[in-house]
Amino acid sequence: MSTSRRGAFIVIEGLDRSGKSTQADVMLDRLNASGISAKLMKFPDRTTAIGQMINAYLQSKADLDDHVIHLLFAANRWELASTITQTLESGTHVLCDRYSFSGIAFSASKSALKHKEAIPTPSSSDIPYTNPNLSYIWCRDPERGLPAPDLTLFLDISPEAASARGGYGEERYEKAEMQARVREVFGQIGNEMLSHNQNEDRSEPTKDGAQPRWVVIDAGNDKTTVSKDMWAHVEPLIAGVDSPIGRLWY
Ligand code: 2DT
Ligand code: MG
């Protein structure tokens with residue numbers, strides 16, 4: 001990669017059991033095997049002090065108010081934001097297993113389920129604020145300004161197919177009803193991501209080769225097919241990126 005180019009920020013999102021971590025490892029190996037420098041990150045990063053609080057919550061060893069845990073997930077990203085930026089600026093690609101989109105999807109879904117409300121949508125905004133529901137906008141705000149991915153690969157799988165892959169684990173959120181809600185919110189986030197960029201249609205590559213920022217991958221396929229589908233979107237980025245690092249939702 002030419003020294004003037006920065007690394008690409010590539011996020012992998014999806015439901016539990018969609019194959020995110022497996023595919024992130026495959027992609028990292030493929031990049032490294034070609035001599036391309038890439039770093040794998042994961043959120044939540046359970047190794048930090050904030051990450052340990054999140055871990056205790058997910059394992060039901062601690063109870064936290066829904067607002068508090070939401071802000072801790074966001075804080076966990078902010079504490080690593082400068083690492084992401086510096087890594088990209090040094091010319092290394094960053095692959096990230098979950099990011100802000102999981103933050104919104106899980107908190108908004110949990111709150112809607114708990115209060116038996118419809119899933120909050122971007123357009124429903126915060127008015128009226130039905131305390132203590134965590135609206136979509138409320139969930140999104142702490143994420144605003146974080147480094148924006150150049151590409152998000154959403155590994156889409158039905159909750160039924162996901163649970164057929166050996167069942168869910170014991171952590172909070174690993175339940176079919178929750179996963180179905182989360183998938184819907186991810187769908188809304190995808191639509192918003194595609195329409196956000198000055199209403200530019202980024203669902204297809206543009207003439208100058210710019211990639212869509214949010215890509216849905218059929219994660220119900222076999223592992224090799226999924227890897228191949230993902231790689232087709234990553235390949236145009238491996239020579240590096242010329243444009244400055246974006247900021248989420250600005
Ligand atoms: P893993 O199974 O991938 O370790 O995730 N989650 C994740 C949130 O609720 N908010 C967030 O911001 C992030 C990154 C998704 C553990 C669970 O934490 C959820 C599943
Ligand atoms: Mg999990």
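Figures for the structure shown
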{"read-out": "Residues of the stretch 69-107 satisfying the condition of being within 17 Å of Ile137 (Cα to Cα) and of a type in the set (Ser, Thr, Tyr)", "value": "Tyr99, Ser100, Ser102, Ser107"}
{"read-out": "Hits in the stretch 1-39 - residues which are among the basic types (Lys, Arg), within 16 Å of ligand 1 (Cβ to nearest atom) and either in contact with a strand residue (DSSP E or B) (Cβ under 9 Å, 6 or more places away or on another chain) or part of a strand (DSSP E or B) (or both)", "value": "Lys20"}
{"read-out": "Residue ID - nearest to ligand 1 (Cβ to nearest atom), chosen from residues in the stretch 146-163 that are of a type outside the set (A, V, I, L, M), more than 17 Å from His233 (Cβ to Cβ) and open to solvent by 30 Å² or more (accessible area, probe 1.4 Å)", "value": "Ser163"}
{"read-out": "Total residues in the stretch 156-172, condition touching a residue at least 12 places away in the same chain (Cβ under 8 Å) and either more than 12 Å from ligand 2 (Cβ to nearest atom) or within 21 Å of Asp218 (Cβ to Cβ) (or both)", "value": "11"}
{"read-out": "Within the stretch 164-180, considering residues that are more than 12 Å from ligand 1 (Cβ to nearest atom) and out of contact with any Phe, Trp or Tyr (no Cβ under 8 Å at 6 or more places or on another chain), the one modelled with the lowest pLDDT", "value": "Gly167"}
{"read-out": "Total residues in the stretch 139-177, condition in a helix (DSSP H, G or I) and more than 17 Å from the chain's Cα centre (by Cα)", "value": "8"}
{"read-out": "Residues located in the stretch 9-64, provided they are among the basic types (Lys, Arg), open to solvent by 20 Å² or more (accessible area, probe 1.4 Å), within 14 Å of ligand 2 (Cβ to nearest atom) and touching a residue at least 12 places away in the same chain (Cβ under 8 Å)", "value": "Arg17, Lys42"}
{"read-out": "Asn76 vs. criteria surrounded by fewer than 17 Cβ atoms within 10 Å (Cβ to Cβ), at pLDDT 95 or above and not hydrophobic (A, V, I, L, M, F, W, C)", "value": "no"}
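The values are calculated or read from the model by the stated rules, or taken from the named source; none is laboratory data. The structure displayed is predicted, hence computed values, not measured ones. Here Cβ is always computed from backbone atoms with ideal geometry, including for glycine, and neighbour counts include all displayed protein chains. Calculation scope for accessible area: heavy atoms of the full protein, side chains included, ligands and nucleic acids excluded. Shrake-Rupley method; radii C 1.70, N 1.55, O 1.52, S 1.80 Å.
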